[in-house]
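The values are calculated or read from the model by the stated rules, or taken from the named source; none is laboratory data. Quick caveat: nothing in here was measured; it's all calculated off a predicted structure. Please note: Cβ atoms are built from the backbone with ideal geometry, for glycine as well, and neighbour counts cover all protein chains shown. Side chains are part of the model used for accessible areas, which takes the heavy atoms of the whole protein and leaves out ligands, DNA and RNA. Shrake-Rupley method; radii C 1.70, N 1.55, O 1.52, S 1.80 Å.
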Amino acid sequence: MSDNNSDSKKDAKHKVAMAKQKASVDASIDAADTERGIAILLTGDGKGKTSSAFGMVMRALGYGHKVGVVQFIKGEQLSGEEIYLREHCPQVDFYQMGTGFTWDTQDRSGDIAAAIKTWAVAKPMLQNASYNLVVLDELTYMIAYNYLPEEEIVHAIRERPPGQSVVVTGRGGGTALQTVMDTVSEVKEIKHAFKAGIMARKGVDY
Ligand code: ATP
Ligand code: MG
């Protein structure tokens, strides 16, 4: 009996809380009156930036949108998303830096040349209104290392076609970049499997 009583009290409390939340969400939805592409920065030291960007690629493809993906770092490892896009999504324009840049950089001028070559692929995408979504994966490092001029990147993002969305990933990302982005999310590391000695996992980490 008392259990039932406390359950119905909890139910009533929950109902009030949900109604309050719904009113607040509905008000925000009503207040949003601008329709245009969104610039998103996914940064921070935790896992989930690149995989979130590819989640948005999948969403866009679901609606038949045109997608461009440019990756500014050559990983040691081929990634599942690269394999999948190349094999199953010929409609996605996919470009990877490919040469030069690795974490153990020995050749700064070679890396800069590779960054400039890669930016020369990305920049025209940001000027081409036929792309609904452009992903610039790990671009922040190019700014952090001063391999590419931040002003030029910020300008290209700001001046992109109004209907185009852009996702930039990578740790860091300067103030100027953050200012031009509409949404900035920081993925914070609470734990990472790697630090417990668990090896990077195919299909999960790459
Ligand atoms: P993901 O590609 O899994 O979404 P990410 O883009 O957020 O990760 P990056 O900094 O680009 O992370 O690192 C890429 C690789 O490094 C991934 O294999 C990821 O699991 C791993 N990684 C991400 N965060 C950490 C961390 N805090 N410590 C160790 N390895 C990490
Ligand atoms: Mg990443």
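Spin-label point model (7 Å from Cα, Cβ direction): what's the Met58 to Ile198 distance in nm?
Going from the Met58 label point to the Ile198 one covers 1.9 nm.
With everything on Cα atoms, drop me the angle between helix 108-125 and the longest principal axis of the chain, reported from 0 to 90° to the nearest 10.
The angle comes out at about 60 degrees.
Hey, any idea what % of the chain's accessible area is carbon plus sulfur with a 1.4 Å probe?
54 percent
With only alpha-carbon atoms in the gyration tensor, what are the semi-axes of the equivalent ellipsoid for the range 34-196, in Å, largest first? Present the calculation step by step, with values, prior to reporting the outcome.
Working: eigenvalues 96, 70, 63 Å².
Semi-axes, largest first: 22, 19, 18 Å.
Give the aspartates and glutamates whose C-alpha is closer than 17 Å to that of Lys20, dropping any in the same chain fewer than 8 places away, or say none.
Asp11, Asp30
Longer than 25 Å from Cα to Cα, which of Lys66/Lys117; Lys47/Lys202; Lys49/Lys123; Lys15/Lys188; Lys10/Lys47 are they? Say none if no pair is. Provide the component values of the computation, followed by the final result.
Values: Lys66/Lys117 22 Å; Lys47/Lys202 14 Å; Lys49/Lys123 21 Å; Lys15/Lys188 32 Å; Lys10/Lys47 36 Å.
In this structure, Lys15/Lys188; Lys10/Lys47 lie more than 25 Å apart at Cα.
Roughly what would the spin-label model give for Ser185 and Asn128, points 7 Å off Cα along C-beta, in nm?
2.7 nm
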